[in-house]
Every structure is written in C-alpha cells, then in structure tokens.
Amino acid sequence: MAFSLIPKEEKFYELFTVQADAGVKAAAMFQDLVRNWDLESPLFDQLRDLEHEADITTHEIKDKLNRTFVTPFDREDIHALASELDDIVDIIQSISNRMRLYRISSCRPELAELVHVLAEASVAVQKAVSCFSSADKSRRVLDHCIEVNRLENEGDALLAKAIGNLFAGDTEPMEALKWDRCFEAVERGIDKCEEVAHTIEGILAKQG
Amino acid sequence: MAFSLIPKEEKFYELFTVQADAGVKAAAMFQDLVRNWDLESPLFDQLRDLEHEADITTHEIKDKLNRTFVTPFDREDIHALASELDDIVDIIQSISNRMRLYRISSCRPELAELVHVLAEASVAVQKAVSCFSSADKSRRVLDHCIEVNRLENEGDALLAKAIGNLFAGDTEPMEALKWDRCFEAVERGIDKCEEVAHTIEGILAKQG
Amino acid sequence: MAFSLIPKEEKFYELFTVQADAGVKAAAMFQDLVRNWDLESPLFDQLRDLEHEADITTHEIKDKLNRTFVTPFDREDIHALASELDDIVDIIQSISNRMRLYRISSCRPELAELVHVLAEASVAVQKAVSCFSSADKSRRVLDHCIEVNRLENEGDALLAKAIGNLFAGDTEPMEALKWDRCFEAVERGIDKCEEVAHTIEGILAKQG
C-alpha cells in the first residue's frame, strides 16, 4: 500500500511544477510582448494556447485530488495551491488580451518595470515550488517565499509611481482609463505570486 | 435513522433548485430590461426584491448546514454551491442597478448578445442542478456542465468583440468608462455560472 | 491537558480583538483624513504603519493556527475571520493611498457619508468580536451583527446616491473615473465588515 502511495504524492508535486513553469513561461512571453509591443504579434495566440494547456494541468490536479484518499498535505491546501498557480497564467493572458482590445499603441515605461517584477516573482515562485517538491526542503523554500514577498513590496512601490505619473500630467481620460486598469492587473498578478508563497509557507508550518 | 436522513438531503437539493430558479428568473428579467431599456422600468424594483428573496434562501441553506451533522456531500461543497448560486442573482441585480445609476440612455447591441449568453448559461446551470438532485444523475449533469463551459467560451469571445468595438471608434470617455464596466460585469455573471458547473463536477467526481 | 488548552483559546480571541481594534483605528484615521483632506497629511504614513502592524497580527494568528491542534472553533472559520478582519484595514489603507495617487484635491461630500458608515460598521464589528470572545455571548454578538447588516444596507443606498450624482451632472471624465473607484472601494470595506458578521454568525450557529 505504502509503495503505491509514494508515486501518487510525487505526481502532485510534478503537476505543481508544470503549473509553476507555465507561470514563468507566460510572464516571459508577456515581457517579450511589452518590450516589442505590436498588436499583430503571434505572442497573443501563444499566450492563449499556454493558458489553455495550464487549465488542463489544473483540472488534472483537481481531478486527481477528488479521486485520491491519501494526499501529501491537506486537501484544501492542494486545491488552493493549484488554483493560485493557475490564476498567475490566467491573469497574464487576460492583461495581454485586454491591452490588445484597448488597441494600446505603445507601452508606458512603468509597465515594463512592473512586468519585470512580475517575471522575477514568477521565477521565485517556481523555485519555491521546485524546492518544496524535493526532499530536504523547508529552509530554501522559505528563502524563495521571502523573495516573493520582497518583490511584492517592490511592485507596490512601482504601481504607486505608475498611477501617480498617470494622474499627475495631462493624460487623456481614455489613456488614464486604460492604463489604470492595466497597471492594476499586473499588480494583481504579482499579488497572486505572493498568495502562492503564503500558501506554501502555511503548508510547511503545519508540517512543523 | 436512515429514514430521517433522506428528507434532510432532499431539502438541500430542493433549496439549490430554488436558488437556480432565481438565477434563471433574474437573467430573464435582465434580458427583458435590456431589450426594452427604460430608466423607469418596474423591473429594477422586481430584481431587487428577487435578490432579497434569494438571500433568504441562501441563509436558509447555510443555517441548515450549520445545524446538520450528516450532509448529502461535503460541507465545503454545499457552502460553495450555495454561495455561487446566490452570486449569480447578486451580480445580475448589481449590473442592472449600476446601469440605472449610470443613466444609460440606450443599450449597445453587444450587451444584448452578452446577456443572451448569460440567460442561456443560467438555464444550463438550472438543468445541471435539477438533474444533480435526481436519482440517476451523473451522465446528464455533466452534459449540462459542458454546455455551461461552452457558453462561457462564447461569452469570452463576445466580450472581446464588445471591448474591441468600444475602444476602436471615437467613443466618448464617459461612455467607455460605463460600458467597459457593464460588459465586464456580465462576463463575471457568466463566469459565476461556470464556477457552479465546476463545483458540481467536483462533487460528482468525489462521489466516483 | 484541559488546563493548558484554555489559555490557547483565549489567545485566539485576544488576537481577533487586536485585529478588530486596528480596523476601528484605521476607519477613524481615514475619517479624519477625509474631513481635513490634505495630500501632505502625516495620516497617510500612519495608516501604512498601522496596516503593517495589522499584517503581523494576522500572520501571528495563522502561524498559531498551523501549530495548534485544538482550536476554539473550526480551523477554516479562524482562517476566514483572521483574513476578513485584516482585509478591513488593507482596504482602508489602499483607498486612502489611491486617493493620494489620484491627487484628489477636495473630497466629495458623499465620500464623507460613506466613510461615516464604514467607521460605524468597524465599531459594530469590534463590539461583535469583543462580545464573541466573552463567556455569555451569543445574544449580544448577534445584535452587533444585525447592526453591521443594517449599516451595509445604509452604505448601499449611499453608494447608489453617490454614483447617481456622479453621472448625473456634467462631471469631467477623469473625475468620474477616480470617484467611481473610490466610492466603490469604500463600499467594499463596508461589505467586508458584513462578511465578518456573517462568519461570526456561522460560528455561533455551529456551536448551537
């Protein structure tokens, strides 16, 4: 019995890693989009495909959870972690799509700064998830979680600067409407990385 | 003992059906409002009354949940399903009220399209809930859940078209501000129908 | 064994009270800000410090929860209550910061009305939490919860009036964009107070 359970546990960790990898990939694609902004970029379709694939992984985890009696940690934590990792990809795909629909003609420099932080946060999340899945884990996992928290604070400061600039000058109302939403959506992506870090910290604390 | 438990289970299913019916009714009233848009329509008050009634049903479920030891399926799933079904009615009432406060003078055709999808999704949710409550259920329930997922994708495409049109022409900023929010609120309603479908799918998967 | 458990329970209640006190303090500071609106006010920094302190209390509760086997009521309810109480402070700090970034030059009177209701709701929440922590509790706790519900309805009506006024006159688009968001954020704060009341009502119902 124990023999058959170990692979199941490993399978959950494997799938979390697939999700975290998708987050890193999505953030990198979005960063590429922002750097070379072009409404005809093939990256929009690639991000949509990536988001669909990530959905399938997430459903696989939830399906496995519903069919597994013994899980490596609390069921509600598995559910939360899977949902939050999936949300990172969803949020990134959704912002890029919204920017296309808004027919953004060129990107504000503050966006590039925020997306840079988002990309770094997705990498820190990936490292946390990857260490978390390995044997001798708790020390390094926490280091990566702390890094996510640091990046979230950096993101907050950048958002404040971005919104401040937007409403300081003689920005057109349509511009303000669009960018207010875009900036905030990127911040929501960074916040989601922090939620993942908190969920992982909570799981480790329970395992004492 | 078993004898006394069955009615309790049935009661939960009955109340979910009442909630799902309220969702269908709210969506139909909203569709009627949008087709014959009139800031003085009595439908605004009727939607508010319906939303209050739906709240009472939701509290009845949660109260029953807190007082019942044996439930037909996991407590957290009952809680989630009741909250999500209630959210459908809340979102519909809230959008219609917001549109009135925005003094929308005439409805954009994209709104009618989105609300049509919302109405269809609420009917698919009602069918899923109703089959779910019956004996020989799982096959047909899943068919209705798949239909909700299909409608959610249709809604996403319509939202993209609606937002694209809004920011393509020479829309006034105030118009853009109002409609950006209204379109998105309808999409949130459709998303909530999909959440209900996912919750039901999850419950069925656990029951194996 | 029982001897050592009682202090632990009391500790949870103590920490909830610290959180609720922070909510009252944040709402009072925000009310002060709104009454004497000044972009250079030291209250912005004080609110940020208060929000950081409240975060530490919240982490203390979640940490304690992860390390405690016997809890005064269901783990998920402790988690929900701690998160919701923390959200009240977060929302208040976030609105005030956003208003500063928007360079709001003077406050609309409807904001003062909404913030007054928020301040009253935070006091009712504090009273509910404080009675909840005492021995002979359920009657008075429910009275305070009913008061929060009443205030939430009052807030809804005020929000409707505020949004209605905003879109009735010849408000500039930039003003409409800013105030639409600020009003709604205050309402979200009041809604959060209602969520706390619902969570407490649910805990009491379970304790029957």
Residue closest to axis [chain B; rotation mapping onto A; Cβ; Å]: B:Pro173, 2
Using distinct alpha-carbon pairs, which all enter the 1/r mean, Kirkwood radius of the stretch A:1-114 in Å: 15.5
Between 0 and 90°, nearest 10: helix C:173-207 axis offset from chain C longest Cα axis: 20
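Hand me the trypsin sites (Lys or Arg not before Pro) from the stretch C:90-121 located in a DSSP loop with no more than 14 other Cβ atoms within 10 Å, in residue order please.
C:Arg103
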Selection from B:Tyr13, B:His79, B:Gly23, by position along the positive dipole direction of the stretch B:1-112 (Cβ): B:Gly23
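Over 20 Å between Cα atoms, which of B:Lys25/B:Lys206; A:Lys25/A:Lys206; A:Lys192/C:Lys11; C:Lys25/C:Lys127; A:Lys62/B:Lys206; A:Lys25/C:Lys62 qualify?
B:Lys25/B:Lys206; A:Lys25/A:Lys206; A:Lys192/C:Lys11; A:Lys25/C:Lys62
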Distribution of pairwise C-alpha distances over the stretch B:68-179, 10 Å bins, in %: 12, 33, 29, 17, 8, 1
Across the identical copies, how the C:Lys11 labels are spaced - nm, sorted shortest first, 7 Å along Cα→Cβ: 3.9, 3.9
Estimated dipole of the stretch B:1-154 in Debye, rounded to 20 [Cβ of Lys and Arg +1, of Asp and Glu -1, Cα centre]: 100
Convex hull projection area averaged over all views, the stretch C:2-207, Cα basis, nm²: 11.6
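What is the dipole size for the protein assembly as shown, taken about its Cα centre, with +1 at each Lys and Arg Cβ and -1 at each Asp and Glu Cβ, in debye to the nearest 20?
1000
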Phi to ³J(HN,Hα) by Karplus 6.51 cos²θ - 1.76 cosθ + 1.60 over the stretch A:95-112, Hz, x for Gly, Pro: 5, 4, 5, 4, 4, 5, 5, 6, 6, 4, 8, 8, 8, 5, x, 5, 5, 4
Calculated diffusion of the protein assembly as shown, Stokes-Einstein form, Kirkwood radius summed over Cα pairs, 4 °C and 1.567 mPa s, µm²/s: 50
Shortest-first distances to equivalent copies, position C:Arg75, nm, label 7 Å out along Cβ: 1.3, 1.3
The stretch C:149-206, dipole about Cα centre (Lys/Arg Cβ +1, Asp/Glu Cβ -1), debye to the nearest 20: 200
Label spacing, shortest first and in nm, from C:Glu40 to its equivalents in the remaining copies (7 angstrom along Cα→Cβ): 5.3, 5.3
Estimated distance in nm for a label pair at C:Lys161 and C:Leu39, the labels positioned 7 Å out from Cα along Cα-to-Cβ: 3.0
Exercise: per-residue mean of other protein chain Cβ atoms within 10 Å, B:97-103: 5
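Please compute, for peptide C:165-174, the average count of beta-carbon atoms on other protein chains lying within 10 Å of each residue's beta-carbon.
That average works out to 4.
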Sum of -39500 (n - 2.57) over DSSP H runs of 4+, divided by residues of chain C (222 nm, nearest 500): -30500 deg cm²/dmol
Karplus-derived 3J(HN,Hα), 6.51/-1.76/1.60, for each residue of the stretch C:47-60, Hz, glycine and proline x: 5, 5, 5, 4, 5, 5, 4, 4, 4, 5, 4, 5, 5, 4
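Computed from the coordinates by the stated procedures, all read-outs in this text should not be read as laboratory data. Keep in mind that what you see is a predicted model, and the values were worked out from it rather than measured. Here Cβ is always computed from backbone atoms with ideal geometry, including for glycine, and neighbour counts include all displayed protein chains.
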